[in-house]
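> Below is the structure I would like to discuss, written out as structure tokens.
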Amino acid sequence: MSARRSKAPPSNLSVLAGIEQDRSHHLTGSFLPATPTGSNTPVNGSLPSSRSASPALRSAPILQPFARFSSDSDGLWSDFRSMRWMRVPESSFKMLIYPVIFYANYRFLQAWNLVPPDWYNPFEPLLFISHRIPDSSPDSPRYQKGYLDLPFIAFYVIVWSFIRQALTLYVFHPIARWFGIYKPSKLDRFGEQGYAIAYYSFMALLGLRVMSESKTWWYRTEHFWLEYPYWQMTPLMKTYYLLHSAYWIQQFLILVLGLEKPRKDFTELVGHHIVTLWLIGWSYLINLTPIGNAVFLSMDSSDSVFALAKIFNYLGFEKTKNFTFACFMGVWTYFRHWLNLLMLWSVWTEFDLIPEHAKQWNPAEGVWFPYWMKYQVFVPLLALQIVNLFWYFLIWRVLLR
């Protein structure tokens, strides 16, 4: 009878223990004790991880265990059809350089009067933001949203794909090998975190600049609502928003198309990306970009420090890792919880500061805020906070461990 008895479902404690010991988990796994980088013992057939290895050994190619996740090109057309151009910098570079060349050629033809100078360059919406408001000042132009934002986002999905893989393969992988990291999976994780530091640091600084030009500086939440609608955007705000959109779409596609080795926390990451894209798309559509800028800044600032702590763990710098992780705890608590709760409180209590004429659903006038829209803004922010709280719980368990 006992042999037929079904297994009891795992307890919550065993599930948490499994998460904490899972090296593939994007949060906790990164802080498990790393294989010493000075060890000469090969790991799963990888090269010896010794910093004293010969130059020839250090420069030896590292074979990816699965061709599906390889960064080698199968030809531009084949990579395009399979979407592998998102992992192959050679192919993504070709895809992004063609519009640049066509745009430059068109400008050349206009300069030589071979094409009328007043004709619109059809490649411009790919490279530059569109929909300038005609009567805005040349010294201080303003932009609105429009359909030509879509090709801009699509082009910069390609740009981010190229930057990501180029930095990973040609900058951070060589750095990792120099420090004695040769295991392919660990190289990939090191490269991902190196790129994360570069991206999130850049976007956090850009977000600071955007917020500094706004009345919402530093999280003066009443101005999310008092000057609504924000349909007239500065060039910097619009560029910042669309670049963020392209990045998160690129990250989402990488996940759902299975272009990288799947992680066990796949569902958490997909859920987080869906909520993020919901916030980006909806806040842009309803002309509430200042609150989007505030959310992005809270995410980017903490993620850059988090990636740095992971890098130090991969390198085996225990004291530096512990110090950085302690800093990260403070940054994460402030940005991901205090500021996010501040924004939730603002949505719930300050929503009525919206001007009376804007409390209606009238897209033609750029206003989208009848009373029920309060919940449409509140729910994704709350969902993001729930995900953050779950990760916060795991982070504290890592710290106490």
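The values are calculated or read from the model by the stated rules, or taken from the named source; none is laboratory data. What you see is a predicted model; the values in this text were computed from it and never measured. When we count neighbours, we look across all protein chains shown, and the Cβ atoms used for this are built from the backbone with ideal geometry, even at glycine. What goes into the accessible areas is simple: the full protein's heavy atoms, side chains included, and nothing from ligands, DNA or RNA. Shrake-Rupley method; radii C 1.70, N 1.55, O 1.52, S 1.80 Å.
> Among (1) under 24 Å from N293 (Cβ atoms); (2) open to solvent by less than 80 Å² (accessible area, probe 1.4 Å), there is one condition I395 misses while meeting the rest; what is its number?
Against the list (1) under 24 Å from N293 (Cβ atoms); (2) open to solvent by less than 80 Å² (accessible area, probe 1.4 Å), I395 comes up short only on (1).
> Please verify whether Q360 is under 30 Å from P229 (Cβ atoms) and touching a strand residue (DSSP E or B) at 6+ places or on another chain (Cβ under 9 Å), treating the condition exactly as stated.
yes
> From the list L353, L382, L342, which residue is closer than 30 Å to Q193 by Cα, of a type outside the set (S, T, Y) and touching a residue at least 40 places away in the same chain (Cβ under 8 Å)?
L342
> Report yes if V347 is over 21 Å from the mean Cα position of the chain (by Cα), of a type outside the set (G, A, S), farther than 22 Å from F296 by Cβ and open to solvent by less than 40 Å² (accessible area, probe 1.4 Å), otherwise no.
For V347, the condition - over 21 Å from the mean Cα position of the chain (by Cα), of a type outside the set (G, A, S), farther than 22 Å from F296 by Cβ and open to solvent by less than 40 Å² (accessible area, probe 1.4 Å) - is not met.
> Mind checking whether some residue in the stretch 203-221 is over 24 Å from V305 (Cβ atoms), modelled with pLDDT under 95 and of a type in the set (K, R)?
yes
> Report those helices (runs of 4 or more DSSP H) wholly inside the stretch 131-247 carrying at least 2 residues which are among the β-branched types (V, I, T).
Ranges flagged: 149-167, 184-212.
> Among (1) at pLDDT 95 or above; (2) open to solvent by less than 20 Å² (accessible area, probe 1.4 Å), where does W160 come up short?
Result: W160 passes all but (2).
> While we're here: Could you tell me how many of the residues in the stretch 91-113 are of a type outside the set (A, V, I, L, M), part of a helix (DSSP H, G or I) and either touching a residue at least 40 places away in the same chain (Cβ under 8 Å) or surrounded by fewer than 16 Cβ atoms within 10 Å (Cβ to Cβ) (or both)?
9
> Considering P138, P134, which residue is of a type outside the set (K, R), modelled with pLDDT under 90, out of contact with any Pro (no Cβ under 9 Å at 6 or more places or on another chain) and within 29 Å of L285 (Cα to Cα)?
After ruling out the rest, the residue left standing is P138.
Yes/no matrix, rows are residues, columns are (1) polar (S, T, N, Q); (2) within 22 Å of P125 (Cβ to Cβ):
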site: L206; (1), (2): no, yes
site: R209; (1), (2): no, no
site: S212; (1), (2): yes, no
site: W217; (1), (2): no, no
site: H223; (1), (2): no, no
site: Y228; (1), (2): no, no
site: M233; (1), (2): no, yes
site: Y241; (1), (2): no, yes
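> Same structure, new question: Considering the stretch 292-305 alone, what residues qualify as being open to solvent by 10 Å² or more (accessible area, probe 1.4 Å) and either among the charged types (D, E, K, R) or more than 13 Å from the chain's Cα centre (by Cα) (or both)?
Scanning the stretch 292-305 gives D303, V305.
> For T324, only one of the following conditions fails: (1) open to solvent by 20 Å² or more (accessible area, probe 1.4 Å); (2) without any contact (Cβ under 8 Å) to a residue 40 or more places away in the chain; (3) in contact with a helix residue (DSSP H, G or I) (Cβ under 6 Å, 6 or more places away or on another chain). What is its number?
Going through the list (1) open to solvent by 20 Å² or more (accessible area, probe 1.4 Å); (2) without any contact (Cβ under 8 Å) to a residue 40 or more places away in the chain; (3) in contact with a helix residue (DSSP H, G or I) (Cβ under 6 Å, 6 or more places away or on another chain), T324 breaks only (1).
> Any idea which of Y392, Y375, Y371 is over 27 Å from I175 (Cβ atoms), aromatic (F, W, Y) and outside any helix (DSSP H, G or I)?
Every option except Y371 fails the conditions.
> Looking at P61, P117, can you tell me which residue is modelled with pLDDT under 90 and over 30 Å from F179 (Cβ atoms)?
When all the criteria are applied, what remains is P117.
> Looking only at the stretch 246-282, which residues are on the phi < 0 side of the Ramachandran plot, of a type in the set (G, A, S) and open to solvent by 10 Å² or more (accessible area, probe 1.4 Å)?
Matches in the stretch 246-282: G271, G281.
> Would it be correct to say that T221 is among the β-branched types (V, I, T), under 20 Å from W391 (Cβ atoms) and open to solvent by less than 20 Å² (accessible area, probe 1.4 Å)?
no
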